[in-house]
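Report on the structure given below.
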Amino acid sequence: MKTIRWGMIGCGAVCEVKSGPGFYKADHSALLAVASADPALTRSYASRHDVPRVYDSAEALVQDPDLDAVYVATPPSSHKALSLLAARAGKHVYVEKPMALRFDECEAIIAECRRLERRLFVAFYRRAMPRFLQVKSWIDAGAIGAVRCIHVTQHQPPAPEERSRATLPWRLKPEVAGGGKFLDMGVHVLDFLDFVFGPIVEVHGVAANGAGLYDVEDTVTAAWRHEGGALGSGSWCYAGADDVDRVEIVGGAGRIEFAFFADTPLRLATTGGTQELAIPNPPHVQQPFIQSIVDDLNGGAPCPGTPESAARSSFVADEILREYRARHGY
């Protein structure tokens, strides 16, 4: 089996533990080169992770003839340009989520990669994580019967750096992120529900900014319908007083409850009793998904996420945020 040789563009926090080590710890995979907008950070990352090649620009990295694929780990505002840069240099592309700022940009990336016959993957990595596969297994096995509805709740108080416009992280800047924490975190939930229940075919949403700490939304509510018939609703508030992280899936014969971003035990409740199952997250949460990409590129089982499924989550998020964005001019 061939070793897939990776280049990585971006050396930020997500690359330190969540993703970067997965490229050199997965079987038949190697992290050969890195580049970022900060040469000192690039060199530091390469030194700490034993990456043999360092480039001062993305343009230089993608021209490395020894690379098979490129991981784009930058903010969403550069996803389209860098994905196309890598694909046009003959590399397969793995890009962070959301795939791009808007659904139309996702479509452009997909079309160009298809034209160039380059594979495209998007970092909705929960499709390969064991705890989420267990939830899907319960659903697929009919453990709670036919699913009637899904309830998603994520509430967080503002972090210290979010309380001043002078220290806002890029995730709260519309020109860089395309939205707020809902777009950064909520799309993970939307993608997982697409994975389990199929595409969302109808969605209605309302977004607001109640705290006034920044320009993007801090509170979102939405309701939707999956093509299989299950109904969903969600509440995301990033300006509340406490932390709540809960997904509840209600079926005709029981329910499943779990935290989406923490790895507390999964809970299955049926007429036969209640079961709690602890499945810790892997040390590098993207590694199982990276392994699935490597296996796919080597002709093995297909990666459980497709560009089209990733783009659907951007489409749904766009629909939920459409009126808010129009009112606020971004």
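The values are calculated or read from the model by the stated rules, or taken from the named source; none is laboratory data. Please read these numbers as outputs of a predicted model, since none were measured by experiment. Note that each Cβ is placed from the backbone with ideal geometry, even for glycine, and that neighbours are counted across all protein chains shown.
Summary table below
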{"item": "Qualifying position, being small (Gly, Ala, Ser) and without any contact (Cβ under 8 Å) to a residue 60 or more places away in the chain, among GLY251, GLY305, GLY299", "result": "GLY299"}
{"item": "Sole residue being farther than 17 Å from VAL189 by Cα and of a type outside the set (S, T, N, Q), chosen from ARG246, ARG255", "result": "ARG255"}
{"item": "Region 2-54: number of residues that are at positive phi and either free of Cβ contacts under 8 Å to residues at least 12 places away in the same chain or hydrophobic (A, V, I, L, M, F, W, C) (or both)", "result": "0"}
{"item": "Filter pass, SER57 being in contact with a strand residue (DSSP E or B) (Cβ under 8 Å, 6 or more places away or on another chain) and free of Cβ contacts under 8 Å to residues at least 40 places away in the same chain", "result": "yes"}
{"item": "Scope region 34-64; condition basic (Lys, Arg) and either in contact with a Leu (Cβ under 8 Å, 6 or more places away or on another chain) or under 16 Å from SER19 (Cα atoms) (or both); matching residues", "result": "ARG48, ARG53"}
{"item": "Given (1) closer than 30 Å to VAL216 by Cα; (2) buried (at least 17 other Cβ atoms within 10 Å of the Cβ), index of the condition VAL51 fails", "result": "(1)"}
{"item": "Boolean, ALA278 is within 18 Å of the chain's Cα centre (by Cα) and loosely packed, with under 15 Cβ neighbours inside 10 Å", "result": "no"}
{"item": "Odd one out for ASP295 among (1) crowded, with 19+ Cβ neighbours inside 10 Å; (2) within 16 Å of ALA123 (Cα to Cα); (3) in contact with a helix residue (DSSP H, G or I) (Cβ under 6 Å, 6 or more places away or on another chain)", "result": "(3)"}
{"item": "The listed residue being surrounded by fewer than 19 Cβ atoms within 10 Å (Cβ to Cβ) and either under 20 Å from the mean Cα position of the chain (by Cα) or assigned to a loop (DSSP other than H, G, I, E, B) (or both), out of ASP194, ASP215", "result": "ASP215"}
{"item": "Candidates PHE289, PHE315, PHE260 - the one that is within 30 Å of GLY142 (Cβ to Cβ) and not assigned by TED's automatic domain parsing to the domain that holds HIS226", "result": "PHE289"}
{"item": "Subset of region 247-269 that is among the charged types (D, E, K, R) and outside any loop (DSSP other than H, G, I, E, B) - its residue that is farthest from CYS149 (Cα to Cα)", "result": "ARG267"}
{"item": "Sole residue being free of Cβ contacts under 8 Å to residues at least 12 places away in the same chain and among the aliphatic types (A, V, I, L, M), chosen from ALA166, ALA207, ALA222, ALA239", "result": "ALA166"}
{"item": "Residues that are assigned to a loop (DSSP other than H, G, I, E, B) and small (Gly, Ala, Ser), drawn from region 218-234", "result": "GLY228, GLY229, ALA230"}
{"item": "Cβ pairs under 8 Å, 6+ apart, first in region 273-296 and within 26 Å of TRP6 (Cβ to Cβ) and at pLDDT 95 or above, second assigned to a helix (DSSP H, G or I) and of a type in the set (Ser, Thr, Tyr)", "result": "VAL285/TYR125; GLN286/TYR125; PRO288/TYR125; PHE289/TYR125; ILE290/TYR125"}
